[in-house]
Amino acid sequence: MSSENPTTNQNLTQRPRRLRRTTALRNMVRETTLTVDDLIYPMFVMEGEDQKMEISSMPGCYRYTLDLLLKEIQQVHELGINAIALFPVIPEAKKDDVGTESYNPDGLVQKTVKAIKTAIPDIVVITDVALDPFSTHGHDGIVDENGVILNDPTVEVLVKMAVSQAEAGADMVAPSDMMDGRIGAIRRALDAAGYIHVGILAYSAKYASSYYGPFRDALDSAPKFGDKKTYQMDAANAKEALKEIELDIAEGADIVMVKPALAYLDIICQVKLATNLPVAAYNVSGEYSMIKAAAQQGWIDEKKVILETLTSMKRAGADLILTYFAKEVALMLL
Ligand code: PBG
């Protein structure tokens, strides 16, 4: 029993602490629950056999050759993860100015998707649609002689890429390029090719963020000149995110995404209020690496910080979270 003397207390009607008193009470009134169903696991595939290479700026994340990737996917599927987002590491020799390799029917992405859907048909495979892993210059679009990223010619390539990924068996395509009009163009092309069932996870509000650094190390895809500010969004803008979301929905997006997540929780929250579509958030590479680095220093409790961080994204309104922590979290939630 409490030893607090009632006579010295104020006469409070509401005492919020009553509901925080025990674990059971806290469990009863918890508003947000993170589950393995919320997680999408981004994974990196490279050419070759029987190799896995740790990404130095993303400890615990690897580039896998297809054979080892399949084993890893089998494992994460058994842990209950429903979906992976696939990113390819393309050798320099296969890159060109216009990303031709991106729609090669026998390209790395296409081969990988086919193999995954044959070996583990139930896992949802989401493929990235953008030129940066395939282009010599590292930009997400076609670049003219003045360094301008050309919108409509890029969309033509994105359409071919998306259709070839659907042909390979992708369940959803995820345009991450931020060209105008690409969701509509991809939707029309998928439908015309008979892929009405293939969904679009749109990177709708994708910011020109410095949090992508480690991912660009992973794919060796950092832009060779300039930055991505003429197509990715300005970190200072929120209304513009709502404009992008609205356009992508009108053009046929099935799921809209905000990226990055942690520094953009307000955007996730506003987007959630603005649409009835599922909202995804991308807990990006830099957000992952910051936690890993601090944990390696012994400065934070890694597991607790991971769970708190991902829970904050759900609380903000994310229905789905793309996160490199997916496997670790699935293990924690077992
Ligand atoms: C590129 C793409 C990027 C990421 C996903 N797709 C990087 C970029 O736009 O430069 C970043 C993911 C991450 O940082 O984890 N289309």
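The values are calculated or read from the model by the stated rules, or taken from the named source; none is laboratory data. Computed from a predicted model, the values in this text were never measured in an experiment. Counting neighbours? That spans all protein chains shown, and the Cβs are built from the backbone with ideal geometry, glycine included. Protein only, heavy atoms only, side chains kept; ligands, DNA and RNA dropped before computing areas. Shrake-Rupley method; radii C 1.70, N 1.55, O 1.52, S 1.80 Å.
Summary table below
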{"item": "Cα-based shape type of the range 1-120, given that a ≥ b ≥ c are square roots of the gyration tensor eigenvalues and the cut on a/c is 1.5", "result": "prolate"}
{"item": "Area accessible to solvent at L273, 1.4 Å probe radius, in Å²", "result": "150 Å²"}
{"item": "Overall form of the chain per C-alpha gyration tensor (a/c, 1.5; a/b vs b/c)", "result": "prolate"}
{"item": "Largest to smallest accessible area among D177, D97 [probe 1.4 Å]", "result": "D97, D177"}
{"item": "Theoretical FRET efficiency, 1/(1+(r/R0)^6), r = Cβ-Cβ of K243 and L331, R0 30 Å, to 0.05", "result": "0.15"}
{"item": "For C61, distant residues with modelled amide H under 5 Å away", "result": "I55"}
{"item": "Distance between the range 263-334 and the range 79-118 - C-alpha centres, whole angstrom", "result": "25 Å"}
{"item": "Solvent-accessible ranking of K71, K292, K160, largest area first, probe 1.4 Å", "result": "K71, K160, K292"}
{"item": "Once exposed loop chymotrypsin sites (Phe, Trp or Tyr not before Pro) are cut out (DSSP; at most 13 other Cβ, 10 Å), longest piece of the chain", "result": "1-224"}
{"item": "Those lysines that a straight Cα-Cα span of less than 26 Å connects to K206, excepting residues fewer than 8 apart in one chain", "result": "K95, K160, K224, K228, K229, K239, K243, K259, K272, K292, K314, K327"}
{"item": "Residue-normalised accessible area of the chain, given per residue in Å² at a 1.4 Å probe", "result": "47 Å²"}
{"item": "Cα convex hull of the range 91-160, projected area averaged across orientations, nm²", "result": "5.1 nm²"}
{"item": "Length-normalised contact order for the chain - Cα pairs under 8 Å, 6+ apart - percent", "result": "18 percent"}
{"item": "Label point at E72 placed 7 Å out along Cα→Cβ; residues across the range 94-109 whose backbone nitrogen lies under 18 Å", "result": "108-109"}
{"item": "The range 138-236: projected area of the alpha-carbon convex hull, averaged over directions, in nm²", "result": "6.9 nm²"}
{"item": "Taking the range 85-188 and dividing mean pair separation by its residue count, relative contact order in percent (alpha carbons under 8 Å, at least six apart)", "result": "32 percent"}
{"item": "Filtered GluC sites (Glu not before Pro), the range 69-175: DSSP coil and at most 12 other beta carbons within 10 Å", "result": "E145"}
{"item": "Highest average packing first - 25-34, 47-56, Cβ atoms within 10 Å", "result": "47-56, 25-34"}
{"item": "Accessible surface of the range 33-333, 1.4 Å probe, proportion on carbon and sulfur as whole %", "result": "52 percent"}
{"item": "Net length gained if the chain between D227 and R21 were fully extended (0.36 nm per residue, minus Cα distance)", "result": "69.1 nm"}
